[in-house]
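One structure below.
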Amino acid sequence: YVYVKDDTGIFKNLPSFNNKSLLHHYYNMGNNTWKKYCKNYIESDDLLKLSKKFLYVIRCILNWSIIYEGITPLSNFHELIGQNIKYHILSYSSSKNISLLENLYTSYSQEKGIPKTLQDEFFFLFENLEKWILKSLEYMKNNTEKYMQASNKGYEKYDEVLHQVLGV
């Protein structure tokens, strides 16, 4: 959550935010990123960028999962993995693969790219994570659709305030 000092009172009449909307948001962000950047990973020539996109999809899945359990989304990746393990949402082997990918990405993000000697290791991780990601996105789709019909009454107020803040 982001807290903003509101001297003008512009935010005071907004309705409470609905976590069901966040489920929809994280599903769409993860699914769209998967389709646009990760789906054809075998053809990628930039493994560093691809790793970042995989981690983004994974972050969406993990946050969706804890929101579904009634827990506030987290920005710290390691805490997010920990919460998913704690609530038995994420298996140990999947968490190991995710942590390994995140560590490899962090190690090589400062360099110009991933050494050819490690490229097979990245593709192995992508292949293992792909199965988990596809299964997770399908689960998210099926369970998010249940909430798609939820009332958005009052949320147009968020748009009004955003337009005010942006001066649009």
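The values are calculated or read from the model by the stated rules, or taken from the named source; none is laboratory data. What you are looking at is a predicted structure, and each value in this text was computed from that prediction instead of being measured. So basically every Cβ, Gly included, is an ideal-geometry build from the backbone, and we count neighbours across all protein chains shown. The protein model used for the area step is the full one, side chains on, heavy atoms only, and it has no ligands, DNA or RNA in it. Shrake-Rupley method; radii C 1.70, N 1.55, O 1.52, S 1.80 Å.
Taking the Cα centre of the range 43-148 as origin and assigning +1 to Lys and Arg Cβ atoms and -1 to Asp and Glu Cβ atoms, the resulting dipole is close to 240 debye. Multiplying the residue separation of residue 91 and residue 46 by 0.36 nm and subtracting their alpha-carbon distance yields 13.4 nm. The residues neighbouring residue 47, those whose beta-carbon lies less than 15 Å from its own, together hold a net charge of -4 under the Lys/Arg +1, Asp/Glu -1 convention. Among the protein heavy atoms of the range 12-134, carbon and sulfur supply 49% of the accessible surface, probe 1.4 Å, non-protein parts ignored. Across all directions, the average projected area of the convex hull around the alpha carbons of the range 46-151 is 7.4 nm².
Which part of the range 59-90 falls in the paramagnetic zone of residue 135, meaning amide N under 14 Å from the point 7 Å along Cα-to-beta-carbon? The answer is 89-90, whose backbone nitrogens lie closer than 14 Å to the label point.
Toward the positive end of the charge dipole of the range 11-83, with +1 on the Cβ of Lys and Arg and -1 on the Cβ of Asp and Glu, the farthest Cα among 64, 21, 31 is that of 21. Restricting the range 85-149 to GluC sites (Glu not before Pro) that sit in a DSSP loop and have at most 16 other Cβ atoms within 10 Å of their own Cβ leaves 111.
Counting only protein heavy atoms and a 1.4 Å probe, the range 14-90 has 53 square angstrom of accessible area per residue.
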